[in-house]
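Peer 1: The following block contains the structure, expressed as structure tokens.
The values are calculated or read from the model by the stated rules, or taken from the named source; none is laboratory data. Everything numeric here is computed off the predicted structure, so don't read it as measured data. Reconstructed Cβ throughout: ideal geometry from the backbone, glycine too, with neighbour counts over all protein chains shown. For the accessible areas, the whole protein counts, side chains as well, though only heavy atoms, and no ligand, DNA or RNA atoms are used. Shrake-Rupley method; radii C 1.70, N 1.55, O 1.52, S 1.80 Å.
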Amino acid sequence: MKVTVIYQILLASLLLVGCTKVDLCDETTHPHVVDGFSVTYNWNELGLSANETPEKLYFVATRILNTRHIVYQTDKDGNFKVEKSKEETAITPDDGNTETSGDGSTTRDNTDITTPDDQSEPQSEYQPDIKLPGGEYVMMAFTDPAYPMVKKEKKDEDGNVVKDMNDNIVMEEVKDTRVELHNLDEFKENDAVHMKEVKMRHHALESVTDIVHDTWKDLNPGIEHVWEAGRRLIISRCDYLELNAGNNYEQPFNFTSLTQHIDINFYLDLVEDGEGEDKQQLKPEDIKYIFVEMSGIVPEISLSTGLLNTSSLKRVIVKVPVPTTGETITEESGKKCTTLKCTASMDVFGLVGGMDNYAIMGPGVCCLALSVKTGTKEFISNGIANLSRKIKELGLTEETGQVNERRRLKDSGELTIDVHLRITPSGAQGGAGSDGVIGWDDVTNEIHVDI
């Protein structure tokens, strides 16, 4: 019994006076950092082109025991962005604002590093490696959705579009706000915030006119519009890595898609109308615009787990390029018909169909609007197609067993509306089909097809 007590006392003494490799001692006096930690970003598995490669990324890490949160912005080559004042003022490691201390240990990336006597702006510089405290880590690297910057119409204080002396709209470069990061600042400042709470969200669309710039007939009301990402967002996760103090490490990151690329195909038949010399047929250039609205968009994803939050599904609107050419045939009636294949593309975190495959409102419903101008006449036609059945058959996501939670299964998907939309100089026509197309009508509410 006495021997057992002696062993217990010896073990307790060793724990009190020693520092383990997970760094349980006072880091302000004994930091235990690795000599250097660097990363390599591998894009090969995704086959990214130079234009698709992210301009900037975030590196985020959590030390599992004796929790520490590390957040850095990096360039596409894996160099870490470090903010320093002009005087490169040293700050102690654990004061809550620390980024790089005198001994090189790193805790958080904070851009507001100033002192009362030094009001100069922090200076940014990139370096190939950083010093991390030893221990066991979970890490991830992902696209900074604010970059690359995008061109946007410049507006004055009253919200009016600014024009130059030649009446041309002035464009300016701004950060991309279509997707926003959620809880990253909270994670950086508070060690109690779990990494799974760091999320990306599709940003809410303030007004449909920001995209459509024309009359929009809402055929699926009650669902909030959000921006689609507009490009592929990517991520790489490292579920476990042990760093021992005094060593150098180079960690590879192999990226996968964070978003799903969805293509929605549909066909327009430009049909000849009239008799004899009065025959007329629309041309592709007569189509002023085409817009597609898709509902059932998953607005939020947890970056570390990849789990989708489906508690409140949204919808997006995208402009569809009008094909310049199509395939022309002569129908049995003797009239010419030119078929245009159109594709609406979007990048979203996930797409979910509704329970009812034939509902005209709700998730999984696709709405189309096109404007046609011929001679002195111009009309706008709208249509609805329920793609819920096809979304389910495509297997884009699956349930996890938890309420309002799904898991993404595929990086991309292609949906096709089977019924061709027939357009003549006098209007558009359609019909019911297996995908729930219910027909088309123009803005004057003149129904071309009764279903």
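Peer 1: Would you kindly state how much longer the chain becomes between K373 and Y249 on full extension, computed as 0.36 nm times their sequence separation minus their alpha carbon distance, in nm to one decimal?
Peer 2: Taking 0.36 nm per residue and subtracting the Cα distance, the gain is 38.3 nm.
Peer 1: If the viscosity is 1.002 mPa s and the temperature 20 °C, what Stokes-Einstein diffusion coefficient in µm²/s follows for segment 350-400 when Rh is the Kirkwood radius over Cα pairs?
Peer 2: 168
Peer 1: What's the ranking of 223-230, 147-154, 178-185 by average number of surrounding C-beta atoms within 10 Å, highest first?
Peer 2: 223-230, 178-185, 147-154
Peer 1: Okay, next question. Apply 1/(1 + (r/R0)^6) to the Cβ-Cβ distance of D77 and N166, taking R0 = 56 Å, and write down the FRET efficiency to the nearest 0.05.
Peer 2: 0.85
Peer 1: Here's a follow-up. Once you place label points 7 Å from the Cα toward the Cβ at T256 and E45, how far apart are they in nm?
Peer 2: Once both label points are built, they end up 0.7 nm from each other.
Peer 1: When the chain is fully extended, how far beyond the present Cα-Cα distance does E405 get from T177, taking 0.36 nm per residue of separation?
Peer 2: 79.6 nm
Peer 1: Quick one: how many Å² of M171 are accessible to a 1.4 Å probe, rounded to 10?
Peer 2: Solvent-accessible area, nearest 10 Å²: 100 Å².
Peer 1: Past 23 Å, Cα to Cα, is the threshold; run K288/K336; K199/K319; K196/K410 against it and keep the listed order.
Peer 2: As for pairs spanning more than 23 Å Cα to Cα, those are K199/K319.
Peer 1: Of all accessible surface on segment 183-254 at a 1.4 Å probe, what whole percent is carbon and sulfur?
Peer 2: 43
Peer 1: Kindly give the semi-axes, whole Å and largest first, of the ellipsoid equivalent to segment 187-289, taking each as the square root of 5 times a Cα gyration tensor eigenvalue.
Peer 2: Three semi-axes, in Å: 52, 20, 10.
Peer 1: With a 1.4 Å probe and all protein chains left in place, how much accessible area per residue does segment 176-314 have, in Å²?
Peer 2: Per-residue value: 44 Å².
Peer 1: Return, ordered by residue number, the residues of segment 374-391 whose backbone nitrogen is under 13 Å from a label point located 7 Å along Cα→Cβ of M361.
Peer 2: The answer is none.
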